[in-house]
Amino acid sequence: MKKSYAIEVDCANCANKMEQAAKNTAGVKDATVNFMALKMHVEFEEGADVAAVMKAVQKACKKVEDDCEIYL
């Protein structure tokens with residue numbers, strides 16, 4: 001399953017950090033962050049609890065970039 005989320009991030013480097021944090025989160029098969037469009041595209045692993053995984057992604061992203069936002 002793939003989903004897109006609106007994000008708020010200040011710079012391209014921060015967006016890259018968010019992308020790497022999302023990719024390293026359990027339950028995420030792949031993730032891409034488009035800084036120009038302010039979107040995060042997430043592909044979830046089969047059978048993953050999307051809501052729980054996205055809460056983990058949000059927490060991981062806040063660790064690397066504390067002023068970023070993911071609108072769930």
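Things to note:
- Between the beta carbons of LYS62 and MET36, assuming R0 = 22 Å, the FRET efficiency works out to 0.50 to the nearest 0.05.
- Tensor-based shape of segment 2-71 (alpha-carbon gyration tensor, a/c under 1.5 rounded, otherwise prolate or oblate): prolate
- For VAL28, the residues 5 or more places off, or on other chains, whose built amide H falls under 5 Å of its own are GLU45.
- Normalised contact order of segment 2-71, rounded percent, pairs of Cα under 8 Å and 6 or more residues apart: 42 percent
- Acute angle (nearest 10 degrees) that the helix 50-64 long axis makes with the longest principal axis of the chain, alpha-carbon atoms: 30 degrees
- Placing +1 on each Lys and Arg Cβ and -1 on each Asp and Glu Cβ, with no other charges, gives segment 7-60 a dipole about its Cα centre of roughly 140 debye.
- When both bridge partners sit in segment 2-71, DSSP labels roughly 100% of those beta bridges antiparallel.
A short reminder: the numbers here are calculations on the coordinates, not readings from a lab. Small disclaimer: the values here were computed from a predicted structure and weren't measured. In this analysis, Cβ positions are derived from the backbone assuming ideal geometry, glycine residues included, and neighbour counts consider all displayed protein chains.
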